[in-house]
Amino acid sequence: MLNRKNFLKTILGAGMASSLNLSSRTNVNHDILDEIAKYSRSTSGSMYGYQDEAIDKVRVGIIGLGNRGSTLLQMFRYNVEQGDCEIVALADKVENKVNKAAEELSSFQKNKARSYAGSEDAWKKMVHQDDIDLVLITTPWSWHTPMSIYAMEHGKHVACEVPIAYTLSDCWDLAETAERTKRHCIMIENCCYNDEELFVLNMIEKGIFGDLTHTEGAYIHDLRAHMLSETYYEDQWRIQHHASRDGNFYTTHGLGPISTYLHLGRGDELDYLTSMSSRELNLSQTANSKGSPYTDIKCGDMNTTMMKTKKGKTIMLQFDVHTASPYSRINKVVGTKAVHQGYPSKLYIDDGELLYWGHKWLDEDKYNEYRTEYRHPMIKKLKTISEGFKQGHGGMDFVMIYRLIKCLNLGLPLDFNVYDGISWSAVTPLSELSVASSSLPVPIPDFAKGKGSVATPLEIMREV
Ligand SMILES: NC(=O)c1ccc[n+]([C@@H]2O[C@H](COP(=O)([O-])OP(=O)(O)OC[C@H]3O[C@@H](n4cnc5c(N)ncnc54)[C@H](O)[C@@H]3O)[C@@H](O)[C@H]2O)c1
């Protein structure tokens, strides 16, 4: 892959290769390699399987109480009522948001949380306090890495919303800091805890799919109303990324669950990617028609990124938040014995009979038999527990917070480690690099220095 000129000559023939203006393309690829090498650091992978002391009652501080922070706050109610955790501090630069969150908290927790508000740096005072074990970060993307690093430097475990980083240098900084401070740093990817994704994972683990070859995931969600609203996101932070960058900015809802299916970081690893964006029309046209000033948009309406793993499996990841396409994370998995595709969930089982025509998804009854038999044990257990509690995104947010707190209570490795979060997030800057270089392949750094190539059981399959 590194010698592109010879590679292209081999597959296209010399004449064709020269018509592609290879000299400039070869330079671009060397630039890419130089660019990636520039940020590389000497991490060790030491946070694999990391266990810290058990914490009977996890003391939580939350930074960012906008849409997401206020939803996640409600997810803690069960664990608070069980005495497994306490929300001790709330921070947001906007005082009113902290006040609203404090009111919500008072509906299920007797002790009041301390408030930190009124400036962009008020959260730092919260992080300085000694009585906090875990800092939960639900702020705009640009704050995720600095807040995570600051919290780890001050002795706190970190749970951060997606994506935890969007530059390569931030990804390396996070790995280095977690390794040096020995703090958990989990990117909380809720889609890994969704009923459908866990059902698919459980079938894969039980051998129903045979050997996997290909997967597809996505974040296809019409966010135009949210991004163009002057009030939905604080300071309209989200659309500013679309105005200035082009690539896949929201990789992790698709790639998180796929990583569990493919055992990425648990026996296989991402190798390289190539990425392509369509032209942009939809967000800018809508902005124009609604009188929004955001009429100059750089990000294409649809980004498609293809990845290959070291063991030869492929991943297709899409990103479209500009168009009216109905919501989808695709959730397609192809194996030697079965295929699944989501939206809505359907299953094909290869019974070994070779047909010329007539391949069909399982009928409803048969599908339901599989759905019942292979429901993930975690979902079976938590469905009963969670009755009467707010669920968040159909239940996955509740399950995610329950698992996070329980693992900390028991002193277990968390379901995902720092390398998972940064390798899923790193796909964003790498996709931008590929898009900007006529979709040239870009190697994906190995942040854990080979530790992820060792086959180990998935933490998310443990009973907790
Ligand atoms: N996993 C999911 O399903 C999901 C869903 C929605 C959002 N998110 C993620 O959650 C994050 C927040 O999104 P949102 O929709 O809640 O945005 P939002 O704008 O509603 O909330 C962000 C909050 O952070 C606060 N903030 C900004 N800078 C701050 C600072 N320096 N100090 C303290 N507070 C600060 C803002 O005042 C605001 O209240 C994003 O990373 C987003 O990607 C994830």
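Among the residues of region 171-182, the ones that are touching a residue at least 24 places away in the same chain (Cβ under 8 Å) and surrounded by fewer than 24 Cβ atoms within 10 Å (Cβ to Cβ) come to 7 in all. Considering (1) crowded, with 16+ Cβ neighbours inside 10 Å; (2) in a loop (DSSP other than H, G, I, E, B); (3) within 11 Å of the ligand (Cβ to nearest atom), the lone condition that Ile132 does not fulfil carries the number (3).
With respect to the stated conditions, Val80 fails to be more than 12 Å from the ligand (Cβ to nearest atom), in contact (Cβ under 8 Å) with a residue 40 or more places away in the chain and outside any loop (DSSP other than H, G, I, E, B). If you check Asn67, Asn96 for being among the polar types (S, T, N, Q), within 16 Å of the ligand (Cβ to nearest atom) and over 20 Å from Phe389 (Cα atoms), only one passes: Asn96. Looking only at region 181-188, decide whether some residue is outside the structural domain of Tyr348 (by TED's automatic domain parsing), over 27 Å from Met378 (Cβ atoms) and within 15 Å of the ligand (Cβ to nearest atom). Checked against the condition, which is being outside the structural domain of Tyr348 (by TED's automatic domain parsing), over 27 Å from Met378 (Cβ atoms) and within 15 Å of the ligand (Cβ to nearest atom), region 181-188 yields no hits at all.
Taking the stated definitions as given, is Tyr356 aromatic (Phe, Trp, Tyr), surrounded by fewer than 16 Cβ atoms within 10 Å (Cβ to Cβ) and closer than 16 Å to Pro257 by Cβ? So Tyr356 fails the test.
Under the condition of being hydrophobic (A, V, I, L, M, F, W, C), more than 30 Å from Lys451 (Cβ to Cβ) and touching a helix residue (DSSP H, G or I) at 6+ places or on another chain (Cβ under 8 Å), the residues counted in region 47-86 number 5.
Of everything listed in (1) out of contact with any Gly (no Cβ under 9 Å at 6 or more places or on another chain); (2) at pLDDT 95 or above; (3) not polar (S, T, N, Q), the single unmet condition for Gly395 is (2). Considering region 381-397, the residues that are within 16 Å of the ligand (Cβ to nearest atom) and touching a residue at least 24 places away in the same chain (Cβ under 8 Å) include one that is surrounded by the fewest Cβ atoms within 10 Å (Cβ to Cβ), namely Gly394.
Any residue at all in region 32-50 that is under 29 Å from Gly265 (Cα atoms), touching a Cys at 6+ places or on another chain (Cβ under 7 Å) and in contact (Cβ under 8 Å) with a residue 60 or more places away in the chain?
no
Among the candidates Tyr272, Tyr327, Tyr250, Tyr261, the residue that is within 19 Å of the chain's Cα centre (by Cα), of a type in the set (Ser, Thr, Tyr), at pLDDT 95 or above and within 26 Å of Lys206 (Cβ to Cβ) is uniquely Tyr261.
For every residue, the table says whether it meets (1) assigned to a helix (DSSP H, G or I); (2) among the hydroxyl-bearing types (Ser, Thr, Tyr); (3) more than 16 Å from the ligand (Cβ to nearest atom).
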{"position": "His144", "(1), (2), (3)": "yes, no, no"}
{"position": "Ser148", "(1), (2), (3)": "yes, yes, no"}
{"position": "Trp172", "(1), (2), (3)": "yes, no, yes"}
{"position": "Glu176", "(1), (2), (3)": "yes, no, yes"}
{"position": "Cys192", "(1), (2), (3)": "yes, no, no"}
{"position": "Glu197", "(1), (2), (3)": "yes, no, no"}
{"position": "Val200", "(1), (2), (3)": "yes, no, yes"}
{"position": "Tyr219", "(1), (2), (3)": "no, yes, no"}
{"position": "His226", "(1), (2), (3)": "yes, no, no"}
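Answer with yes or no whether Glu197 is assigned by TED's automatic domain parsing to the domain that holds Tyr250, buried (at least 23 other Cβ atoms within 10 Å of the Cβ) and acidic (Asp, Glu). Considered against the rule, which asks whether it is assigned by TED's automatic domain parsing to the domain that holds Tyr250, buried (at least 23 other Cβ atoms within 10 Å of the Cβ) and acidic (Asp, Glu), Glu197 comes out as yes. The residues of region 277-291 that are surrounded by 13 or more Cβ atoms within 10 Å (Cβ to Cβ), assigned to a helix (DSSP H, G or I) and out of contact with any helix residue (DSSP H, G or I) (no Cβ under 7 Å at 6 or more places or on another chain), listed by number, are Asn282, Ser284, Gln285.
Please pick out the residue among Glu432, Glu369 that is part of a helix (DSSP H, G or I), outside the structural domain of Asp31 (by TED's automatic domain parsing) and under 26 Å from His241 (Cβ atoms).
Exactly one of Glu432, Glu369 is part of a helix (DSSP H, G or I), outside the structural domain of Asp31 (by TED's automatic domain parsing) and under 26 Å from His241 (Cβ atoms), namely Glu432.
The values are calculated or read from the model by the stated rules, or taken from the named source; none is laboratory data. For clarity, every value in this text was computed on a predicted model and none was experimentally measured. Because the Cβ atoms are built from the backbone with ideal geometry, glycine has one as well, and the counts that use them run over all protein chains shown.
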